[in-house]
1. Between a first residue in the stretch B:124-136 that is loosely packed, with under 11 Cβ neighbours inside 10 Å and a second residue that is assigned to a helix (DSSP H, G or I) and modelled with pLDDT under 80, which pairs have beta carbons less than 8 Å apart while being 6 or more apart in sequence or on different chains?
2. Among the residues of the stretch A:50-61, count how many are aliphatic (A, V, I, L, M), more than 10 Å from chain B (Cβ to nearest Cβ) and open to solvent by 10 Å² or more (accessible area, probe 1.4 Å).
3. Residue under question is A:Leu137, and the condition is that it be farther than 24 Å from A:Asp187 by Cβ and modelled with pLDDT of 90 or more; does it hold?
4. I want to confirm something. Restricting to the stretch A:141-160 and keeping residues that are open to solvent by 20 Å² or more (accessible area, probe 1.4 Å) and under 30 Å from A:Pro103 (Cβ atoms), which single residue is farthest from the chain's Cα centre (by Cα)?
5. Step by step: first the residues of the stretch B:193-225, then only those that are under 19 Å from B:Gly255 (Cα atoms) and among the β-branched types (Val, Ile, Thr), then the one that is most open to solvent (accessible area, probe 1.4 Å). Which residue is that?
6. What are the pairs, 6+ residues apart or on separate chains, where a residue within the stretch A:256-277 that is in a loop (DSSP other than H, G, I, E, B) has its Cβ under 8 Å from a residue that is acidic (Asp, Glu)?
7. Which helices (runs of 4 or more DSSP H) sit wholly inside the stretch A:107-197 and have at least 2 residues that are touching a strand residue (DSSP E or B) at 6+ places or on another chain (Cβ under 9 Å) and more than 25 Å from A:Pro210 (Cα to Cα)?
8. If the Cβ limit is 6 Å and pairs must be 6+ apart or interchain, which residue in the stretch B:20-40 that is at pLDDT 85 or above pairs with which residue that is of a type in the set (S, T, N, Q) and in a helix (DSSP H, G or I)?
Amino acid sequence: MITAKNLTKRYGEAFALDNVNFTIEAGESVALWGANGAGKTTTIRCLLGVHSFDGELMVNDVDVRRNSKKARRMMGYVPQEATFYDMSVLETLTFYARLKKTPLPRIDEVLAQVQLADHSRKHVNALSGGMKQRLALAVALLSDPPILILDEPTANLDVAAQRDFIHQIQALNRQGKTIIFSSHRFDEVMALASRVLVLDKGKLTLECPPPALVEKLGLQRWMRLWIPPEQRDSALQVLQSQGYAYRPNAHTVYVRIGDAGKVAPLRALESAQIIIEDFDLLDGELVPSEEV
Amino acid sequence: MFEFENVRIIAAKELRDSLRNRWFLIFTVAFAGLALALSAIGQSSGTQLRFSGYGRTAASLINLVLLFIPLIGLTLGATNLAGDRENGTLAYLLAQPVNHAEVILGKYLGMAASLFATITLGFGLAGVALALQGNSGDVGGYVATIVLAYLLALAMLSLGFFMAAFVKKTASALGGSLFVWLLLVFIGDLGIMGTAVVTQMPIEAVFFIAMLNPLQLFKVSSILTIQASLEVLGPVGVYATEQFGAALLPLATIGLLLWIIIPLIGALLLFTRQEKFVWS
């Protein structure tokens, strides 16, 4: 169990965290949600004991401030963009396994777990972004810690790599690991979190289950569609007739994703013979103005 | 709790990294080659010092050490730590179950081992060449010079670490270390000489100011290990010999030790307190 009491972090006069209180039970998957500068990463660094702070932070009865190294033994950390020394995958894992006092045969297990077994001889610089994140996850899992801490772990990954990574974290959570991750991707929070801690300017402003975010924060999900110019007017008519909120843009059309999910507007357009050249999701964006 | 095992693991990694570092290898080959060449030249020609065999070669190698070892030590220490901080590997390492002291000391000892390897290779090759030529003489003084070169390497590494705590970029660390190297090797000596001439500084003041420079401490102590007097350094050397006598060698060695310990502790304190710097 993790408890934070009056967790406060100051940089000079500025508060990065201001009297934050929370409890995270074993086996939970908790998202730290907020805009840039809200205090998500600072919270993670305090949890890891690499930042000094005021207040109390306990990880499984270990006082992080007094014994951060012992607390870190119970946590595996995956940064937003892991940077490794100039070594191969296997050498990297061997180095960190030794630091974590992990028996070396465990390396083969984690390599298989993160699907990097075929890449163990590769130099880390030869890995893709997704593979590097998986290597960071492998390092985090070496000592089989009960807690995983992830700082915007999919921020720099492509869509396929994001999906794979999220599936792996979901599986680890099902196996009983406590997951704490920061994100500003709504999809990620919906897929991974059982609870969300909303931070705003260093203050904990809300604790709720992920679906409640939409209602409580006035959060709306949008997708952007690329439609051929000659079909654009027809597409807007279809969206209007089906009751979708939309916003035409120079070369694209923004469509709000309602309760029916993101496939519904795509199907509506498809059944009207509208060609959708491409689309993407604007995760966690606040409601765009000039809604039609 | 401090774990020396973590220090050993990090040191081993640093040693391996240094041995894979192209620039470090070039430095090492250049140092070893010049050491070998100096031993050969020293045997075939006279020098201003009345040495033979090992003593003569040690005297030649002192100047080589004074040029090379500060350059390698300062640049290696400053750029390694600054580079790790700039590329994020230091922050990632500190997020593991290790503490600052283990990381800094591990890096320090690993790089020190690589510098020791360079010095040992240079002096070793020259020593073997002398032995093959049937030279004998002051082997003890030769070995003592090697040990003093180790101390100088440690002092330069400490200074490099300390400098790394003040710069954000690896390029700045490299620039800073080259400036300090110039300062210690050339500008320091010339500055003192110039100031002494212009201000007619008393000889004792010249001596004490010179002794603030770790390179001068190495020079004085290593000359004392291969001959009893500092006459070769001119009036300042004569003054030092007369004033301090047998105490000069231990005092100079203590001075070198202080140059090792103080900057290293300073670097550790600065890094421990610079969380925002490490985690930017």
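The values are calculated or read from the model by the stated rules, or taken from the named source; none is laboratory data. All values reported here derive from a predicted model rather than from experimental measurement. Neighbour counts are summed over all protein chains in view; Cβ atoms, including those assigned to glycine, are modelled from backbone coordinates with ideal geometry. Please note that ligands, DNA and RNA were not included when accessible areas were found on the heavy atoms of the full protein model with its side chains. Shrake-Rupley method; radii C 1.70, N 1.55, O 1.52, S 1.80 Å.
1. B:Ser136/B:Gly53; B:Ser136/B:Tyr54
2. Residues that pass the stated criteria total 1.
3. Working: farther than 24 Å from A:Asp187 by Cβ: no; modelled with pLDDT of 90 or more: yes.
Here the answer is no, as A:Leu137 does not meet what is asked.
4. Here the answer is A:Ser143.
5. B:Ile209
6. As it stands, the answer is A:Ile276/A:Glu270, since those pairs meet every condition given.
7. Output list reads A:129-141.
8. Partner pairs satisfying both residue conditions: B:Phe24/B:Ser18; B:Thr28/B:Thr118; B:Phe31/B:Thr118.
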